1. Quick one: is Arg58 of a type in the set (Lys, Arg) and part of a loop (DSSP other than H, G, I, E, B)?
2. Determine the pairs where a residue that is farther than 16 Å from Glu35 by Cβ, located within the range 70-87, has a partner that is open to solvent by 60 Å² or more (accessible area, probe 1.4 Å) and part of a helix (DSSP H, G or I) with Cβ atoms under 9 Å apart, the partner being 6 or more residues away or on another chain.
3. So, in the range 13-37, of the ones that are assigned to a strand (DSSP E or B) and open to solvent by less than 100 Å² (accessible area, probe 1.4 Å), which residue ends up farthest from Phe3 (Cα to Cα)?
4. Output the qualifying pairs, or none if there are none: Cβ atoms under 7 angstrom, residues six or more apart or on different chains, first residue in the range 16-37 and over 16 Å from Met79 (Cα atoms), second residue open to solvent by less than 70 Å² (accessible area, probe 1.4 Å) and β-branched (Val, Ile, Thr).
5. Is it the case, given these coordinates, that Leu41 is surrounded by 11 or more Cβ atoms within 10 Å (Cβ to Cβ), closer than 30 Å to Gly85 by Cα and touching a His at 6+ places or on another chain (Cβ under 9 Å)?
6. May I ask you to list the residues in the range 63-83 that are open to solvent by 80 Å² or more (accessible area, probe 1.4 Å) and not in a helix (DSSP H, G or I)?
Amino acid sequence: MDFADYRAQNHVFTHLGAYGIADNLFNLTGTEKPEQVKGTLATYGFFEALGVRPLFGRSFLPSDEHVKEPQVIVLGNRMWKEHFGGD
């Protein structure tokens, strides 16, 4: 049984989410030059299970987990300001 099975069969918890423990390297594009940044993978429901919401934008949606969809990220405050000028 894996996380997707637990979530599909969940009838107890309001929100259920998961994240990867190891830091991963991701290619950040859409800026002046692409660069590798550290991050981790998280599922839909992760932030809701912790009871937190992004200050701007949105957290993950169920459709964000589909491999064929464009990848979505949630930026930390420092990366948002340093790489995107807080815009």
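1. Values: of a type in the set (Lys, Arg): yes; part of a loop (DSSP other than H, G, I, E, B): yes.
When the stated conditions are applied, Arg58 passes them.
2. Here the result reads Gly86/Asn77; Gly86/Trp80; Asp87/Trp80, each pair linking the range 70-87 to a residue that is open to solvent by 60 Å² or more (accessible area, probe 1.4 Å) and part of a helix (DSSP H, G or I).
3. Of all residues in the range 13-37, those assigned to a strand (DSSP E or B) come to 19, 24-28, 35-37.
Okay, now just the ones that are also open to solvent by less than 100 Å² (accessible area, probe 1.4 Å), so 24, 26, 28, 35, 37.
Working: Asn24: 19, Phe26: 23, Leu28: 27, Glu35: 31, Val37: 26 Å.
Across the range 13-37, the extreme among qualifying residues is Glu35.
4. Within 7 Å, the pairs are Gly17/Thr43; Ala18/Thr43; Tyr19/Thr40; Gly20/Thr40.
5. Numbers: surrounded by 11 or more Cβ atoms within 10 Å (Cβ to Cβ): yes; closer than 30 Å to Gly85 by Cα: yes; touching a His at 6+ places or on another chain (Cβ under 9 Å): no.
So Leu41 fails the test.
6. Of everything in the range 63-83, those that are open to solvent by 80 Å² or more (accessible area, probe 1.4 Å) and not in a helix (DSSP H, G or I) turn out to be His66, Val67, Lys68, Glu69, Pro70, Gln71, Ile73.
The values are calculated or read from the model by the stated rules, or taken from the named source; none is laboratory data. None of the values given here were measured: they were computed from a predicted structure. When we count neighbours, we look across all protein chains shown, and the Cβ atoms used for this are built from the backbone with ideal geometry, even at glycine. All accessible areas refer to the heavy atoms of the entire protein, side chains included, with ligands and DNA or RNA removed. Shrake-Rupley method; radii C 1.70, N 1.55, O 1.52, S 1.80 Å.
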